[in-house]
């Protein structure tokens with residue numbers, strides 16, 4: 001049975017994703033690398049940050065003392081784990097880059113959501 005499952009996964013007949021729709025990795029392919037000694041290492045394909053114009057701004061926020069990006073994500077999106085949406089919309093690679101006092105953050109709809117660019 002395991003061989004049949006592996007064959008179906010390898011053929012793409014069964015989607016290989018363990019990421020929910022709320023994850024930044026949703027929809028990315030799960031890949032495998034086989035080492036010289038035969039071990040298989042699973043990994044997620046590379047993710048590119050969407051271009052800024054693919055986000056529709058719904059609000060701007062000025063960061064105040066003590067504010068954290070996860071708390072802001074909970075405030076704006078209802079989920080502290082959605083901090084990556086603030087990172088993407090503001091071209092931040094590291095979440096703590098968005099925690100500077102006085103920084104103006106764009107709070108946006110998800111990338112590609114209708115309304116971007118308007």
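The values are calculated or read from the model by the stated rules, or taken from the named source; none is laboratory data. Here the structure is a predicted model, which means the values were calculated and not measured. Cβ placement follows ideal geometry from the backbone for every residue including glycine, while neighbour counts extend to all protein chains displayed.
Residue check: is residue 103 buried (at least 17 other Cβ atoms within 10 Å of the Cβ) and not assigned by TED's automatic domain parsing to the domain that holds residue 22? Spell out how you get there, then give the answer.
On the way: buried (at least 17 other Cβ atoms within 10 Å of the Cβ): no; not assigned by TED's automatic domain parsing to the domain that holds residue 22: yes.
No.
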Select from the stretch 59-84 the residues that are farther than 18 Å from residue 101 by Cα and in contact with a helix residue (DSSP H, G or I) (Cβ under 6 Å, 6 or more places away or on another chain) and list them in ascending order. 74, 80, 82
For the stretch 51-84, what are the residues that are surrounded by 16 or more Cβ atoms within 10 Å (Cβ to Cβ), touching a residue at least 60 places away in the same chain (Cβ under 8 Å) and assigned to a helix (DSSP H, G or I)? 54, 82, 84
Scan (1) out of contact with any helix residue (DSSP H, G or I) (no Cβ under 8 Å at 6 or more places or on another chain); (2) surrounded by 15 or more Cβ atoms within 10 Å (Cβ to Cβ); (3) assigned to a loop (DSSP other than H, G, I, E, B) for the single condition residue 46 breaks and write down its number. (2)
On the basis of being in a helix (DSSP H, G or I) and modelled with pLDDT of 90 or more, does residue 92 make the cut? no
